[in-house]
Amino acid sequence: MAQDGLFPVTHARHGQRYWKRFTSFKFAANRTDCAVVFNEIQIAAAAFPIVFMKSERGMEPRALLSLRTGAPTPFLSQDGQWLAPYVPSSLRCHPFQAERTCTNETDSTCRFQLNVDESSGYVTRNPRDEVFFDANGKLSHELLEVQTFLKAYVAASEATQKLCRTIAKLGLLEPIETHGAVDLPCEAFGITSSRLTKLSQAEKLVLVDSGALQLIHAHQISLSHCEWILRAQQQLTQRAAPEKYTENSDISGFLYAMAKAQNADFLESSGV
């Protein structure tokens with residue numbers, strides 16, 4: 001059954017279909033946040049505010065792309081260029097996703113199901129695009145690379161959620177409504193320094209040994225970006241939007257020039 005346009009990739013359904021590599025990040029234009037995993041938490045925290053939010057999988061860290069629902073994110077130009085200095089891994093394999101086909105991640109019989117968003121506009125019937133399956137009915141080489149990346153991402157996501165459970169068990173997560181004078185999404189959770197100081201030495205060792213302390217510190221430091229995002233979104237809303245960002249844009253400037261080169265290199269090296 002499809003959910004939000006997602007269908008399992010199967011030969012029966014996609015043997016005569018094709019897919020296109022995305023060349024624009026416009027699919028992320030309406031997102032206010034996206035998932036990040038522990039492996040990338042430090043570099044992601046250098047670009048975005050990181051908060052914790054509840055999902056169907058449990059609590060997880062999320063990078064805030066917008067502080068105001070419906071307001072444009074300053075990390076995306078109108079022509080689909082990604083302007084932030086880092087692309088979160090959860091955005092890299094659009095329109096593909098992957099999930100485990102069992103509920104127990106320690107089960108040796110677990111398999112990964114590759115899914116594709118057919119509502120994305122990147123699934124076609126044009127033979128000039130990429131094939132889903134080769135002549136032997138196996139996943140194409142290109143899709144095998146995508147699947148390998150997504151398997152690693154799912155594993156990293158599960159490890160990150162385990163760290164979040166460790167943090168939650170210590171009673172550290174609590175709703176945060178603001179950072180300084182900036183309002184945060186109502187569903188945001190965070191960790192305050194005052195709460196950390198009340199931990200016992202044994203509890204602190206649990207955080208250090210598990211790696212959860214790195215996740216906490218990245219979250220706390222990353223919130224310094226909130227004021228910049230708010231100012232940037234206010235400028236984007238107040239001024240007349242240009243047809244696209246330019247190197248002279250008051251919001252883009254350095255970010256656009258850097259991202260233009262980054263996007264080309266990323267799309268070439270990622271294989272998606």
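Condition check for SER89 on (1) among the small types (Gly, Ala, Ser); (2) in contact with an Asp or Glu (Cβ under 9 Å, 6 or more places away or on another chain); (3) over 30 Å from LEU207 (Cα atoms); (4) touching a residue at least 40 places away in the same chain (Cβ under 8 Å): one failure, at (3).
Assess whether ALA212 counts as being loosely packed, with under 12 Cβ neighbours inside 10 Å, in contact with a helix residue (DSSP H, G or I) (Cβ under 9 Å, 6 or more places away or on another chain) and farther than 30 Å from LYS26 by Cβ. It is false that ALA212 is loosely packed, with under 12 Cβ neighbours inside 10 Å, in contact with a helix residue (DSSP H, G or I) (Cβ under 9 Å, 6 or more places away or on another chain) and farther than 30 Å from LYS26 by Cβ.
For the stretch 178-189, state whether one or more residues are crowded, with 19+ Cβ neighbours inside 10 Å and in a helix (DSSP H, G or I). The answer is no; no qualifying residue exists. Candidates are the residues of the stretch 64-86 that are aliphatic (A, V, I, L, M) and free of Cβ contacts under 8 Å to residues at least 60 places away in the same chain; the one that is nearest to LEU230 (Cα to Cα) is LEU65. Count of the stretch 83-113 residues, restricted to those that are part of a strand (DSSP E or B) and modelled with pLDDT under 95, is 6.
Exactly one residue among THR73, THR32, THR10 is of a type in the set (Ser, Thr, Tyr) and touching a helix residue (DSSP H, G or I) at 6+ places or on another chain (Cβ under 9 Å), and that residue is THR73. In summary, ALA63 fulfils each of the numbered conditions (1) under 25 Å from GLN234 (Cα atoms); (2) of a type outside the set (Ser, Thr, Tyr); (3) not in a strand (DSSP E or B) with the single exception of condition (3). Would you please name the residue that is modelled with the highest pLDDT, looking only at residues in the stretch 192-215 that are within 27 Å of the chain's Cα centre (by Cα) and not in a helix (DSSP H, G or I)? By that ranking, first place goes to GLY211. Remark: pairs (first residue in the stretch 50-63, under 11 Å from GLY190 (Cβ atoms); second residue of a type in the set (Asp, Glu) and not in a strand (DSSP E or B); Cβ separation under 8 Å; 6+ apart in sequence or on different chains) = MET53/GLU187.
Just one residue in the set ALA12, ALA35 is surrounded by fewer than 14 Cβ atoms within 10 Å (Cβ to Cβ) and modelled with pLDDT of 90 or more; that residue is ALA12.
The values are calculated or read from the model by the stated rules, or taken from the named source; none is laboratory data. None of these values were measured; they are calculated from a predicted model. Backbone-built Cβ (ideal geometry, glycine too); neighbour counts: all protein chains shown.
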